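K.L.:
This structure is in structure tokens; I'll ask about it shortly.
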Amino acid sequence: MGGWRSKLVVLMVVYFAGFATAIYCLAPVPEDQAAESPEKHAMHSVLKSDEFAQSFNIRMHKCLDFSKDAARRAGVFIKQKLDDRHQTDG
């Protein structure tokens, strides 16, 4: 069996392969622009990646806000359960 290092290497390879695939899928070359110069494709890709970065940033912040709220509610719930347990034990 492989150790944790080999598992980490495999996990990183899979992660970066998935990331590369996502980038490829998000920035394909439109068919109607296939005959144009590569410079225009690069500019289109940059603009599209900026839009993606902004969209990703907004959604990541929403996810973080949701996570913080869920953690806060979980903390309140756990504290309430612990207080209830201490009241019934004491």
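K.L.:
L11: accessible area at probe 1.4 Å, nearest 10 Å²?
P.N.:
110 Å²
K.L.:
Could you please put H61, H86 in sequence from largest to smallest accessible area, using a 1.4 Å probe?
P.N.:
Descending accessible area places them as H86, H61.
K.L.:
Just by accessible area at a 1.4 angstrom probe, what is the order of T21, T88 from largest to smallest?
P.N.:
So the residues, ranked largest to smallest area, are T88, T21.
K.L.:
How much accessible area does D50 have with a 1.4 Å probe, in Å² rounded to the nearest 10?
P.N.:
Its accessible surface works out to 80 Å², give or take rounding.
The values are calculated or read from the model by the stated rules, or taken from the named source; none is laboratory data. In this text the structure is predicted, and so the values were computed from the model without any measurement. SASA here: full protein model, heavy atoms, side chains in, ligands and nucleic acids out. Shrake-Rupley method; radii C 1.70, N 1.55, O 1.52, S 1.80 Å.
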